[in-house]
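See structure below.
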Amino acid sequence: MIAAGRRVEDIATVLSAHGLILRGGFKCGASETPFADLSGAPVKSVLLVGQAGAAPWPHFLRWIDKQSQTIANPLDSWSREVIGAVAEAFGARAVSPSDRPYLPFQQWAMRAEGLKPSPLGILMHPQYGLWHAYRGALLFEDELPIQAGETAPHLCDSCVEKPCLKSCPVDAYSAQGFAYQSCLVHVRGAGGSPCRSGGCLDRNACPYGTEYRYPPEVQAFHMASFARATS
């Protein structure tokens with residue numbers, strides 16, 4: 001059997017071939033039984049899988065080109081396939097942010113990496129800014145040598161201007177939260193062309209992690225998915 005420490009390193013190596021990275025993890029305490037793993041035993045370790053910047057994009061596009069039919073949620077399907085294969089190879093269970101009932105991925109991420117939400121709700125990373133994502137998690141029945149992250153510097157605290165709250169033409173983000181319907185109507189409408197082609201104006205206004213900013217075609221892909229939302 002592969003040593004636990006080596007297993008984490010090997011998982012990271014396999015994920016890197018798809019542009020994905022480990023996004024931290026944590027051990028579940030003895031009293032924590034929020035879900036069950038393969039055998040029904042309580043989960044003892046969680047590793048989060050995600051991305052920094054648009055590194056997975058070329059791998060995803062190659063996968064799309066090989067599909068024989070249109071897929072409703074292709075990025076989710078690709079993520080499930082890749083992370084699911086890793087889980088099978090390393091004795092874990094794979095879960096996704098889109099699983100129902102929804103799992104507390106944001107809480108897991110805050111615990112694993114010590115991050116806090118930005119005014120847009122996206123977790124602010126001290127290196128990646130707002131340009132990162134979580135694509136899934138690996139749940140293990142045994143303990144891995146991982147530690148939850150310490151609280152990272154929250155860049156939003158020192159950002160006085162808050163340009164992320166001043167760039168949206170319909171003020172979708174405010175202290176009251178996200179005005180989902182207002183944003184959706186705008187993105188779908190005639191005035192939403194800049195958002196559809198280049199992504200959320202508020203997100204792009206953030207001054208942090210700009211070297212990881214998703215290219216316009218990636219942002220357009222995500223915005224098109226949002227515009228297709230039915231609720």
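The values are calculated or read from the model by the stated rules, or taken from the named source; none is laboratory data. Since this is a predicted model, take the numbers as computed values, not measurements. Backbone-built Cβ (ideal geometry, glycine too); neighbour counts: all protein chains shown.
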Practice problem: Could you give me the residue pairs with C-beta distances under 7 Å whose first residue belongs to region 156-182 and is closer than 14 Å to Pro207 by Cβ, whose second residue is among the hydroxyl-bearing types (Ser, Thr, Tyr) and loosely packed, with under 13 Cβ neighbours inside 10 Å wherever it lies, and which are 6+ apart or on separate chains? | Solution: Leu165/Ser174
Practice problem: Those residues that are in contact with a helix residue (DSSP H, G or I) (Cβ under 7 Å, 6 or more places away or on another chain) and assigned to a helix (DSSP H, G or I), I need them from region 138-164; list them, please. | Solution: Pro163, Cys164
Self-check item: Any pair with Cβ under 8 angstrom, 6 or more apart, that starts in region 10-31 at a residue that is assigned by TED's automatic domain parsing to the domain that holds Pro104 and ends at one that is crowded, with 19+ Cβ neighbours inside 10 Å and of a type in the set (D, E, K, R)
Solution: Leu20/Arg135; Arg23/Glu113; Gly24/Glu113
Exercise. Run down Val170, Val218, Val187 and say which single residue is in contact with a Cys (Cβ under 7 Å, 6 or more places away or on another chain), among the aliphatic types (A, V, I, L, M) and part of a helix (DSSP H, G or I).
Key: Val187
Self-check item: region 81-111, subset assigned to a strand (DSSP E or B) and either under 15 Å from the mean Cα position of the chain (by Cα) or outside the structural domain of Leu144 (by TED's automatic domain parsing) (or both), residue surrounded by the fewest Cβ atoms within 10 Å (Cβ to Cβ)
Solution: Ala94
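Rundown of residues vs (1) surrounded by fewer than 18 Cβ atoms within 10 Å (Cβ to Cβ); (2) over 24 Å from Ala55 (Cβ atoms), yes/no style:
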{"site": "Gly189", "(1), (2)": "yes, yes"}
{"site": "Gly192", "(1), (2)": "no, yes"}
{"site": "Arg196", "(1), (2)": "yes, no"}
{"site": "Tyr214", "(1), (2)": "no, no"}
{"site": "Ser225", "(1), (2)": "yes, no"}
{"site": "Arg228", "(1), (2)": "yes, yes"}
Self-check item: Contacts under 9 angstrom Cβ, first residue in region 112-126 being surrounded by 21 or more Cβ atoms within 10 Å (Cβ to Cβ) and at pLDDT 95 or above, partner assigned to a loop (DSSP other than H, G, I, E, B) and polar (S, T, N, Q), 6 or more apart
Solution: Leu115/Thr151; Met124/Ser118
